[in-house]
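Q: Pasting a structure here, questions to come.
The values are calculated or read from the model by the stated rules, or taken from the named source; none is laboratory data. All of these numbers come straight from a predicted model, not from anything done at the bench. Ideal geometry is used to build each Cβ from the backbone, glycine not excepted, and the neighbour counts take in all protein chains shown. SASA here: full protein model, heavy atoms, side chains in, ligands and nucleic acids out. Shrake-Rupley method; radii C 1.70, N 1.55, O 1.52, S 1.80 Å.
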Amino acid sequence: MDTPEPRRARPGTAGRYALYAVLTVVSLLMIAPFVWMVLTSLKTPAEIAAADPGLLPLHWEFGNYVDAFRAAPFATYARNSLVIALSHTVLNVLLASMAGYALARIRFRGSELIFLCFVAALMIPTYTKVLPEFLIVRFMPLAGGNDILGQGGSGWLDTWWALIVPGAVTPFAVFLFRQFYLDLPVELEEAARLDGLNEFGIYARIMTPQVKPALTTVALLTFESSWNNFLWPLLVTRTDSLRVIQVGLSVFKTENGTQWHFLMAGTTLATLPMVILFLIGQRYFVQGFATAGLK
């Protein structure tokens, strides 16, 4: 009777297990600050200020979340952040997809130069654009009491226009959409033209439904960037009615100290929407980054 040969490990199994181990360690390191944030939000000020605070709270203070909402108009801040983030997301997806489609599928004089300008815009650091954008908003003609030359008033400062218009379209979104539209087969476009569809119909009904990973990726990145934006809303708003949640968190940091239990509670609530959105759209999000820039 033949003795069965012992099962051999498949080639690469050891390397796969090592990769899983490394990824597990990296994941734990990345999630550790979020765990610390949530646990700190449930501690008392005395526990946080202790010389050797433990990881778990001795007394679970879930009331910190209620007290944080009472300490500042967080409902207003959250509403403003949601309105701005949704506006930026819708505008960026709509306008950037149109621009990306035009640059990828419509041949016209100067299209390559325009695309190179978008690529060059990707290289401009974000904070170098803050001052020019602020001056444009401040001296907007015929707005906020300004005359035709943009003098005499406050322009768009402390208005919804200043919070929404500057972030309506991003060069990265246009670049990403163009790459996805380039990958689509030309036969789809030709068949749609034979069926009598015009250019906008081809864009909206035939081509755009084929780039769902790009749509999800741009939507998530735009919402995340807008929701977490701190500097721009801080510069262009003065009243609580237009403050956003990231600016609102600063009320817990004063000259006399930082209310860490309230700050961590507010930060946890501000982080929660992004975690939920990523979990919902992670499949398309990862696929969008994996295929971007291949062509």
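Q: For segment 68-88, check the following and say yes or no: at least one residue is under 30 Å from E199 (Cβ atoms), open to solvent by less than 40 Å² (accessible area, probe 1.4 Å) and either in a helix (DSSP H, G or I) or among the charged types (D, E, K, R) (or both).
A: To start, the set of residues in segment 68-88 that are under 30 Å from E199 (Cβ atoms) comprises 86-88.
Filter once more, so that each one left must be open to solvent by less than 40 Å² (accessible area, probe 1.4 Å): 87-88.
Filter once more, so that each one left must be either in a helix (DSSP H, G or I) or among the charged types (D, E, K, R) (or both): 87-88.
Taking every residue of segment 68-88 in turn, at least one turns out to be under 30 Å from E199 (Cβ atoms), open to solvent by less than 40 Å² (accessible area, probe 1.4 Å) and either in a helix (DSSP H, G or I) or among the charged types (D, E, K, R) (or both).
Q: While we're looking at this one, here's another question. Is it the case that some residue within segment 114-123 is in contact with a Pro (Cβ under 8 Å, 6 or more places away or on another chain), at pLDDT 90 or above and buried (at least 19 other Cβ atoms within 10 Å of the Cβ)?
A: Within segment 114-123, one or more residues are in contact with a Pro (Cβ under 8 Å, 6 or more places away or on another chain), at pLDDT 90 or above and buried (at least 19 other Cβ atoms within 10 Å of the Cβ).
Q: Another one. Can you name the condition, by its number, that E61 falls short on among (1) open to solvent by 30 Å² or more (accessible area, probe 1.4 Å); (2) assigned to a helix (DSSP H, G or I); (3) modelled with pLDDT under 90; (4) acidic (D, E)?
A: E61 satisfies every listed condition except (2).
Q: So, one more: Applying the selection to segment 24-58, what residues are in contact (Cβ under 8 Å) with a residue 60 or more places away in the chain, open to solvent by 30 Å² or more (accessible area, probe 1.4 Å) and among the hydrophobic types (A, V, I, L, M, F, W, C)?
A: Result: F34, V38, I48.
Q: For segment 222-246, which residues satisfy the criterion of being closer than 14 Å to L82 by Cβ and open to solvent by less than 50 Å² (accessible area, probe 1.4 Å)?
A: T222, F223, S226, W227, P233, L242, R243, V244, I245, Q246
Q: Another question about this same structure. Filter segment 247-272 for residues that are out of contact with any helix residue (DSSP H, G or I) (no Cβ under 6 Å at 6 or more places or on another chain) and of a type in the set (A, V, I, L, M, F, W, C); which is surrounded by the fewest Cβ atoms within 10 Å (Cβ to Cβ)?
A: L272
Q: Now for a different question. Right, F134: out of contact with any strand residue (DSSP E or B) (no Cβ under 9 Å at 6 or more places or on another chain) and open to solvent by 70 Å² or more (accessible area, probe 1.4 Å) or not? Let's see the steps before the verdict.
A: Values: out of contact with any strand residue (DSSP E or B) (no Cβ under 9 Å at 6 or more places or on another chain): yes; open to solvent by 70 Å² or more (accessible area, probe 1.4 Å): no.
No; evaluated as a whole, the condition is false for this residue.
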